[in-house]
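Report on one structure; see the data block that follows.
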Amino acid sequence: MSPLGREIAALIRETGPIGIDRYMALCLGHPVHGYYRTRDPLGARGDFTTAPEISQMFGELIGAWAAWVHRAMGAPAPLLLAELGPGRGTLMADALRALASAAPGTRIAPHLVETSEVLRQAQAQRLAGTGATWHDSPDTLPDGPAIILANEFFDCLPVRQFVRTAAGWHERLVGLGEDAGLAFGLSPEPVAGIAADMPTGAVVSVPGPALALVRGLARRVCAQGGVLLLVDYGHVRPGYGDTLQALADHAFADPLAAPGEADLTCHVDFAALGLAAREAGAAVHGPVDQADFLTGLGLHERAGRLKLRADATQADAIDAAVARLTDRRPEGMGCLFKVMAIAAPGLGPLPGLAPA
Ligand code: SAH
């Protein structure tokens, strides 16, 4: 077992089984052993690859999108461009470059919300000279109309899970198995008010921190103007099923096998987040498939322009990136990933996103 696994087992022996939310928070954010605290997980040598790491076109198209939104907001200065969980800073760097050419002379204030020291360092290197500012949480972002980006951020926020049995809904917990290793179990007492009736065995995930964040940011854009652009894998209809997943070395892993050493995520419930944003008064645009969003923003035209200056190997790489980002097979990025914007009412329609 990993060092964090031993620590979690000791905690469970002392205080009893823990919720999936606590388990996720420890695995990802434990100050010493947390997955994001100890490494740069991205890229070929890491555990997973994200859209901005696949191609510069992803961040450039989002930069062009941000330039459009900024104009639609009446071009407030400076342009407050924030990103939640910016990874290596690649999306922000590519977006800033595209913004500089789409809106020359615009003063831009980049703000990055990041808890990982390792990734902050990578971001600082990548964004040297841009005037970027770092934050531990979105609460300290400066006031004003803001364009807030989040790619593969909401999937790593902790969820609680509940399982339907003949007796009702029970919280799914992490406890100790017969061999003293970590094992999934259920709370003995049923819990009320989880979801409408569903078949025995159904699992629902309740994304408490994601819902709270969306509510807060929805209220913010309503009061101060702006938009949150959320890109992630997930589902658009309310549904059930266990999507808690671990990824290590580009392959699915057992979520309990090596706490702190694998990425741990859950599919994003766009239906629930969209509803929370609407209830807070914001307008919701989309969600649409990533393939439709990128195609609508001109991915193929941009690829064509890049290929004019590319040699044969580079041209093949550009084609491969376009194919991967817009792969419409059910598990392909173009279909599994959705894009949704949560905006101040009256802003829009927004490029690439069908009207709500
Ligand atoms: N957006 C990037 C990275 C995605 S990985 C990309 O697309 O490549 C998730 C990112 O969120 C990492 O930067 C991670 O360190 C950060 N992160 C995870 N939990 C966080 C939290 N609670 N607060 C702020 N950042 C967090």
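The values are calculated or read from the model by the stated rules, or taken from the named source; none is laboratory data. These figures come from a predicted structure and were not determined experimentally. Virtual Cβ from ideal backbone geometry, glycine too; neighbours counted across all protein chains shown. Protein only, heavy atoms only, side chains kept; ligands, DNA and RNA dropped before computing areas. Shrake-Rupley method; radii C 1.70, N 1.55, O 1.52, S 1.80 Å.
How many residues does region 239-275 contain that are among the acidic types (Asp, Glu) and not in a strand (DSSP E or B)?
The qualifying residues number 4.
Condition check ((1) under 17 Å from the mean Cα position of the chain (by Cα); (2) more than 11 Å from Ile342 (Cβ to Cβ); (3) open to solvent by less than 20 Å² (accessible area, probe 1.4 Å); (4) not acidic (Asp, Glu)) across all residues:
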site	(1), (2), (3), (4)
Ala218	yes, no, yes, yes
Cys222	no, no, no, yes
Val227	yes, no, yes, yes
Ala262	yes, yes, yes, yes
Ala271	yes, yes, no, yes
Gly281	no, no, no, yes
Pro287	yes, no, no, yes
Looking only at region 82-97, which residues are more than 28 Å from Gly260 (Cα to Cα) and within 16 Å of the ligand (Cβ to nearest atom)? Ala93, Asp94, Ala95, Leu96
If I filter region 61-81 for residues that are free of Cβ contacts under 8 Å to residues at least 60 places away in the same chain and within 12 Å of the ligand (Cβ to nearest atom), do I get at least one hit? no
Output yes when any residue across region 29-36 is more than 14 Å from the ligand (Cβ to nearest atom), over 30 Å from Gln224 (Cα atoms) and open to solvent by 10 Å² or more (accessible area, probe 1.4 Å), and no when none is. yes
Going through region 37-60 one residue at a time, which ones are assigned to a helix (DSSP H, G or I), more than 10 Å from the ligand (Cβ to nearest atom) and farther than 30 Å from Leu173 by Cα? Gln56, Met57, Glu60
Considering only strands (runs of 3 or more DSSP E) fully contained in region 124-192, which possess at least 3 residues that are aliphatic (A, V, I, L, M) and either within 16 Å of the ligand (Cβ to nearest atom) or surrounded by 11 or more Cβ atoms within 10 Å (Cβ to Cβ) (or both)? 146-151, 168-176, 182-186
Given the condition surrounded by 15 or more Cβ atoms within 10 Å (Cβ to Cβ) and not hydrophobic (A, V, I, L, M, F, W, C), answer yes or no: does some residue in region 310-323 qualify? no
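Evaluate region 105-119: report whether one residue or more is more than 30 Å from Glu7 (Cα to Cα), touching a residue at least 60 places away in the same chain (Cβ under 8 Å) and either in a helix (DSSP H, G or I) or away from the ligand (no atom under 12 Å from the Cβ) (or both).
No, region 105-119 contains no residue that is more than 30 Å from Glu7 (Cα to Cα), touching a residue at least 60 places away in the same chain (Cβ under 8 Å) and either in a helix (DSSP H, G or I) or away from the ligand (no atom under 12 Å from the Cβ) (or both).
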